[in-house]
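*Asks:* One structure, pasted below without further comment.
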């Protein structure tokens, strides 16, 4: 059985797609084909509600045009457009924030999130409530490194994230760390060895969950709220999205 997973980077920065794809391939099974996809339209990074909104059409375009994938990983910690993606996919779509937080909740009584910019902290808290994990999330901390600068100086980035994670554990009394950006993929092993607690990257967690759901032969519900959207015309630049 060959499983096809498409890992969608909702921003348009190809180097980030490459990073995400590499991490997904690292944790996927030997019989899993992982394909990283970058939208043809959208923001270079997602660091605001505006960015999130304008990232969704490109994300949906990728999913609507992909007839091969058995499941999708939505690789942005804000999980932008996740419900819409599930409506149009007809196959499992796993967001990395939901995957990371739910995985961390299995590894201790509480977890702390270390994310990028302070302005995204509210969105992270919103997602804890959406996913029913507000009680398990002990805190959200921002290291204030812009997404597109995470790989400018890897040693400095790693040192800053490590310091914030240490402070988060001490301040929150938490048992695990959730990395709040797809651009932090690949860091858990390094950080966990330094911190002595589980460190969860959403790209890896979502990849394993997506693979597992497919292996179980499970398919998303197509009834009620997440049924395919009702057909109607769209106009202007969104005309191709009409169903």
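*Asks:* I'd like to check something: does region 104-121 contain any residue that is out of contact with any helix residue (DSSP H, G or I) (no Cβ under 7 Å at 6 or more places or on another chain), part of a loop (DSSP other than H, G, I, E, B) and within 25 Å of residue 238 (Cα to Cα)?
*Replies:* No; the residues of region 104-121 include none that is out of contact with any helix residue (DSSP H, G or I) (no Cβ under 7 Å at 6 or more places or on another chain), part of a loop (DSSP other than H, G, I, E, B) and within 25 Å of residue 238 (Cα to Cα).
*Asks:* Let me ask something additional. Out of curiosity, is residue 165 under 14 Å from the mean Cα position of the chain (by Cα), in a helix (DSSP H, G or I) and crowded, with 22+ Cβ neighbours inside 10 Å? Step through it out loud before you land on a result.
*Replies:* Numbers: under 14 Å from the mean Cα position of the chain (by Cα): no; in a helix (DSSP H, G or I): yes; crowded, with 22+ Cβ neighbours inside 10 Å: yes.
Criteria not met by residue 165.
*Asks:* Condition test on residue 25, is it surrounded by fewer than 22 Cβ atoms within 10 Å (Cβ to Cβ), outside the structural domain of residue 185 (by TED's automatic domain parsing) and more than 21 Å from residue 216 (Cα to Cα)?
*Replies:* No; evaluated as a whole, the condition is false for this residue.
*Asks:* Right, another one. Assuming residue 229 fulfils every condition listed in (1) assigned to a loop (DSSP other than H, G, I, E, B); (2) touching a residue at least 60 places away in the same chain (Cβ under 8 Å); (3) under 22 Å from residue 96 (Cα atoms) apart from one, which condition is it?
*Replies:* Of (1) assigned to a loop (DSSP other than H, G, I, E, B); (2) touching a residue at least 60 places away in the same chain (Cβ under 8 Å); (3) under 22 Å from residue 96 (Cα atoms), only one is false for residue 229: (3).
*Asks:* How many of the residues in region 1-21 are loosely packed, with under 15 Cβ neighbours inside 10 Å and within 15 Å of the chain's Cα centre (by Cα)?
*Replies:* Looking only at that region, the number is 1.
*Asks:* Inspect all residues belonging to region 67-86 and state whether any of them is over 16 Å from the mean Cα position of the chain (by Cα), assigned to a loop (DSSP other than H, G, I, E, B), surrounded by fewer than 24 Cβ atoms within 10 Å (Cβ to Cβ) and touching a residue at least 24 places away in the same chain (Cβ under 8 Å). Talk me through it step by step, then tell me what you get.
*Replies:* First, pick out the residues of region 67-86 that are over 16 Å from the mean Cα position of the chain (by Cα): 67-70.
In the following step, the residues that additionally are assigned to a loop (DSSP other than H, G, I, E, B) were identified as 67-70.
Pick out the ones that are also surrounded by fewer than 24 Cβ atoms within 10 Å (Cβ to Cβ) and you get 67-68, 70.
Now restrict to residues that are touching a residue at least 24 places away in the same chain (Cβ under 8 Å): 68, 70.
Yes, region 67-86 has at least one match.
*Asks:* Tell me the residue from 64, 156 that is surrounded by fewer than 16 Cβ atoms within 10 Å (Cβ to Cβ) and free of Cβ contacts under 8 Å to residues at least 12 places away in the same chain, please. Before you say what the answer is, go through the steps one by one.
*Replies:* Working: 64 fails: free of Cβ contacts under 8 Å to residues at least 12 places away in the same chain.
Unique residue meeting the criteria: 156.
*Asks:* Looking only at region 30-42, count every residue that is touching a helix residue (DSSP H, G or I) at 6+ places or on another chain (Cβ under 6 Å) and either more than 22 Å from residue 241 (Cα to Cα) or crowded, with 20+ Cβ neighbours inside 10 Å (or both) and tell me the total.
*Replies:* Here the count works out to 7.
*Asks:* Which is under 23 Å from residue 150 (Cα atoms), in contact with a strand residue (DSSP E or B) (Cβ under 9 Å, 6 or more places away or on another chain) and either modelled with pLDDT under 90 or exposed (fewer than 14 other Cβ atoms within 10 Å of the Cβ) (or both), of 202, 186? Before you say what the answer is, go through the steps one by one.
*Replies:* On the way: 202 fails: either modelled with pLDDT under 90 or exposed (fewer than 14 other Cβ atoms within 10 Å of the Cβ) (or both).
186 is the lone residue from the list that is under 23 Å from residue 150 (Cα atoms), in contact with a strand residue (DSSP E or B) (Cβ under 9 Å, 6 or more places away or on another chain) and either modelled with pLDDT under 90 or exposed (fewer than 14 other Cβ atoms within 10 Å of the Cβ) (or both).
*Asks:* Could I ask something else about it? Is region 184-193 home to any residue that is in a helix (DSSP H, G or I), touching a residue at least 12 places away in the same chain (Cβ under 8 Å) and under 26 Å from residue 12 (Cβ atoms)?
*Replies:* Yes, the conditions are met somewhere in region 184-193.
The values are calculated or read from the model by the stated rules, or taken from the named source; none is laboratory data. Note that the structure is predicted; figures quoted are calculated from it, not measured. Virtual Cβ from ideal backbone geometry, glycine too; neighbours counted across all protein chains shown.
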